[in-house]
């Protein structure tokens with residue numbers, strides 16, 4: 001009975017918290033869901049689509065050239081929030097969101113029609129430009145429409161909306177559209193982001209709060225001052241080693257799955273189950289299901305994982321998460337077996353769930369009191385470095401180790417060692433350079 005009352009109290013508290021959110025909050029959450037769903041829907045198959053032959057429905061680009069694309073567009077997406085957040089505070093969120101949705105939708109639409117390297121590259125730059133301007137507007141909106149009593153729940157819902165989009169779009173829409181033509185995945189994303197122009201115009205309201213009246217030049221000068229914080233920037237550079245591994249999940253891991261991994265054992269089990277409901281099922285685990293699996297694990301387990309490590313110190317917990325990620329990447333070296341692949345991806349995702357929330361919290365703890373938002377903006381540099389290096393490096397090493405030497409284990413052991421070097425770097429940082437919280 002006590003347990004029943006405990007959980008009923010928790011449930012009532014959550015319901016009360018949900019009821020406290022404004023329409024603008026739910027509008028922002030809806031925007032996040034459709035934007036991230038569109039983005040991850042495309043990214044779940046992009047690297048494979050760009051390299052498979054034209055006869056198989058792809059574009060037939062080389063892996064090295066795709067690495068250049070990914071090492072350009074993804075760093076751009078992670079770098080732009082540093083600038084676009086200041087622009088949104090200066091000129092208003094709605095104006096920036098109009099620009100973001102129009103640019104993203106246009107980029108996806110052009111990508112759907114593009115067949116040459118230059119036009120695809122240009123289209124995806126438009127997508128990255130729009131997404132980079134979109135990111136801080138939603139975070140800023142949620143910050144402004146929540147307070148101490150409901151901000152924790154609000155950002156929890158925000159995080160869930162990201163992963164829910166990354167789960168549902170690749171699970172439901174991408175396989176169906178891919179069966180027609182991969183081009184339709186881009187058109188889906190164009191519609192998924194384009195309709196948000198209407199939501200922004202008719203429903204979204206400019207969040208209340210004091211607008212930044214400083215000239216943009218002065219804002220940029222203040223932003224550059226963060227670069228003088230040597231210890232903070234060094235921590236970001238070291239931590240980005242984990243993200244060099246992470247971005248392989250959207251590039252070299254997908255190539256490896258498509259070309260080397262035998263997923264038949266899993267396919268047989270799933271189809272045996274589906275046969276109880278439909279006749280002659282032909283489900284297959286394909287590239288988009290890697291994104292589905294990772295997002296699904298986060299949806300199911302993130303709250304549990306966060307509760308288990310909520311009282312642990314940030315840096316040691318980050319190191320634990322990176323160690324699990326390195327283990328997950330290293331497991332891929334064992335064999336191209338379906339269960340080895342699934343285990344690897346699950347352990348890697350578990351490592352991400354442990355490491356990254358603690359990283360975000362750590363940045364908030366070590367940042368000066370008057371510059372916390374600024375430091376959080378600069379924390380996105382982990383993605384700039386990780387994707388900038390990871391895209392080119394992953395493509396180069398895949399060609400060398402997998403295609404030329406036929407030694408895929410060397411590829412995964414190399415990336416696992418990058419994780420080990422990241423751990424060593426953070427251990428040394430924690431021992432000699434780690435700043436005190438709030439210093």
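The values are calculated or read from the model by the stated rules, or taken from the named source; none is laboratory data. On a predicted model such as this, the values are computed, not experimentally measured, just so you know. Cβ: placed from backbone, ideal geometry, glycine included. Neighbour counts: every protein chain shown.
For segment 389-399, check the following and say yes or no: at least one residue is farther than 17 Å from residue 312 by Cβ, part of a loop (DSSP other than H, G, I, E, B) and not assigned by TED's automatic domain parsing to the domain that holds residue 159. Among the residues of segment 389-399, not one is farther than 17 Å from residue 312 by Cβ, part of a loop (DSSP other than H, G, I, E, B) and not assigned by TED's automatic domain parsing to the domain that holds residue 159, which makes the answer no.
Every listed requirement among (1) surrounded by fewer than 18 Cβ atoms within 10 Å (Cβ to Cβ); (2) at pLDDT below 90 is met by residue 309 save one, (1). For segment 170-180, indicate whether the set of residues that are modelled with pLDDT of 95 or more and surrounded by 22 or more Cβ atoms within 10 Å (Cβ to Cβ) is non-empty. Checked against the condition, which is being modelled with pLDDT of 95 or more and surrounded by 22 or more Cβ atoms within 10 Å (Cβ to Cβ), segment 170-180 yields at least one hit.
If you check 376, 407 for being surrounded by fewer than 21 Cβ atoms within 10 Å (Cβ to Cβ) and closer than 29 Å to residue 135 by Cβ, only one passes: 376. Within the bounds of segment 335-352, is there any residue that is assigned by TED's automatic domain parsing to the domain that holds residue 419 and within 21 Å of residue 152 (Cα to Cα)? Yes: one or more hits.
Remark: pairs (first residue in segment 63-81, farther than 17 Å from residue 236 by Cβ; second residue not in a helix (DSSP H, G or I); Cβ separation under 9 Å; 6+ apart in sequence or on different chains) = 63/251; 66/251; 67/251; 69/61; 70/251. The residue list 57, 67, 41, 37 contains one member that is touching a helix residue (DSSP H, G or I) at 6+ places or on another chain (Cβ under 8 Å) and on the phi > 0 side of the Ramachandran plot, which is 57.
Go through the residues of segment 104-122 one by one and say whether even a single one is within 25 Å of residue 374 (Cα to Cα) and surrounded by fewer than 20 Cβ atoms within 10 Å (Cβ to Cβ). There is no residue in segment 104-122 that is within 25 Å of residue 374 (Cα to Cα) and surrounded by fewer than 20 Cβ atoms within 10 Å (Cβ to Cβ).
Quick one: residue 411 ticks every box in (1) touching a helix residue (DSSP H, G or I) at 6+ places or on another chain (Cβ under 9 Å); (2) within 22 Å of residue 345 (Cα to Cα); (3) not in a helix (DSSP H, G or I) bar one, so which box is it? So residue 411 meets the others, but not (3). With the structure loaded, tell me whether residue 79 is touching a helix residue (DSSP H, G or I) at 6+ places or on another chain (Cβ under 8 Å), modelled with pLDDT under 95 and not in a helix (DSSP H, G or I) or whether it fails that test. Criteria not met by residue 79. Residue 340 fails exactly one of the following numbered conditions: (1) at pLDDT below 95; (2) surrounded by fewer than 20 Cβ atoms within 10 Å (Cβ to Cβ). What is the number of that condition? Among (1) at pLDDT below 95; (2) surrounded by fewer than 20 Cβ atoms within 10 Å (Cβ to Cβ), the lone unmet condition for residue 340 is (1). Among the residues of segment 13-62, the ones that are surrounded by fewer than 20 Cβ atoms within 10 Å (Cβ to Cβ) and part of a helix (DSSP H, G or I) come to 14 in all.
Apart from one condition, residue 148 fits all of (1) within 24 Å of residue 110 (Cβ to Cβ); (2) surrounded by fewer than 16 Cβ atoms within 10 Å (Cβ to Cβ); the exception is (1).
The residues of segment 162-186 that are closer than 13 Å to residue 287 by Cα and over 18 Å from the mean Cα position of the chain (by Cα), listed by number, are 175, 178, 182.
Residue-level analysis places residue 338 among those that are in contact with a strand residue (DSSP E or B) (Cβ under 8 Å, 6 or more places away or on another chain) and in contact (Cβ under 8 Å) with a residue 24 or more places away in the chain.
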